[in-house]
Amino acid sequence: MAVRRAGAKAGLSRERVFDAALDYLDEHGLPALSMRKLGAALGVEAMTLYHYVPNKDALLDGLVDRVMEIAFAGLDEPDPGSGPWVPWMRQFAHSLRGALLAHPGVLPLAATRPVNSPEALRMSERWLAGMRAAGVPLGRAMDVVNVIATFTIGHTLAEAGETPGHEGTEPNLDERADEIDPAEFPNLTEILTTRAGLDFDHRFTEAVDILLAGYAALP
């Protein structure tokens with residue numbers, strides 16, 4: 001029979017703590033997050049949470065790891081030596097973007113904190129092994145993983161617009177449409193009218209494909 005740790009709450013788990021923190025972040029934003037408020041959302045005292053996460057820094061790191069786990073959940077398993085590696089990285093980029101758009105409150109953390117979860121490390125190891133088996137030098141393989149991850153996070157940070165807790169801080173060309181003189185800014189006026197170049201899905205997909213094609217073409 002499993003013995004519950006002293007001070008822990010029946011029905012509470014580390015995964016549930018992080019999922020609740022993710023929900024809180026999505027609703028209220030990063031500045032509002034605290035161990036006390038998270039505990040209240042879970043119906044426990046803040047001290048109870050320390051049985052599952054040692055401090056707030058570990059909580060913030062864990063939130064990034066949790067979103068990465070969500071992104072990895074639907075990915076195909078890389079098979080070293082099976083052939084092209086580009087589809088793995090393309091799928092990773094789109095899956096990561098989807099997970100971040102679903103949880104935009106995590107974006108400031110994803111842009112500044114490392115990913116240390118065991119699943120992230122295992123997936124990275126499998127990608128590196130697959131790319132090396134396909135003839136990609138190790139250093140370049142690591143560059144590909146980092147470039148695709150950082151581009152995806154940066155693009156999604158811009159795409160998400162007003163993340164919880166930071167409303168009103170993001171520039172928006174549409175909000176200045178009435179101030180733009182068509183005679184002085186004919187191209188910007190046409191963009192606002194036709195929406196050319198403002199499709200985030202197309203921009204992201206094309207940019208990822210260009211990045212991967214460029215790396216794949218290197219000798």
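Scanning the stretch 194-219 for residues that are loosely packed, with under 12 Cβ neighbours inside 10 Å, aliphatic (A, V, I, L, M) and modelled with pLDDT under 90 yields one hit, Ala196. Across the stretch 127-142, the number of residues qualifying as open to solvent by 30 Å² or more (accessible area, probe 1.4 Å), assigned to a helix (DSSP H, G or I) and in contact (Cβ under 8 Å) with a residue 24 or more places away in the chain comes to 4. Assessment of the stretch 26-33 against the conditions (open to solvent by less than 20 Å² (accessible area, probe 1.4 Å), hydrophobic (A, V, I, L, M, F, W, C) and modelled with pLDDT of 90 or more) yields at least one matching residue. In the stretch 45-68 there is at least one residue matching the filter, namely being part of a helix (DSSP H, G or I), farther than 24 Å from Leu157 by Cβ and open to solvent by less than 20 Å² (accessible area, probe 1.4 Å).
Confirm whether Ala120 is of a type in the set (A, V, I, L, M, F, W, C) and open to solvent by 20 Å² or more (accessible area, probe 1.4 Å). So Ala120 fails the test.
The values are calculated or read from the model by the stated rules, or taken from the named source; none is laboratory data. Since we're looking at a predicted model, the values are computed, not measured. Reconstructed Cβ throughout: ideal geometry from the backbone, glycine too, with neighbour counts over all protein chains shown. With ligands, DNA and RNA removed, areas are computed over all heavy atoms of the protein, side chains included. Shrake-Rupley method; radii C 1.70, N 1.55, O 1.52, S 1.80 Å.
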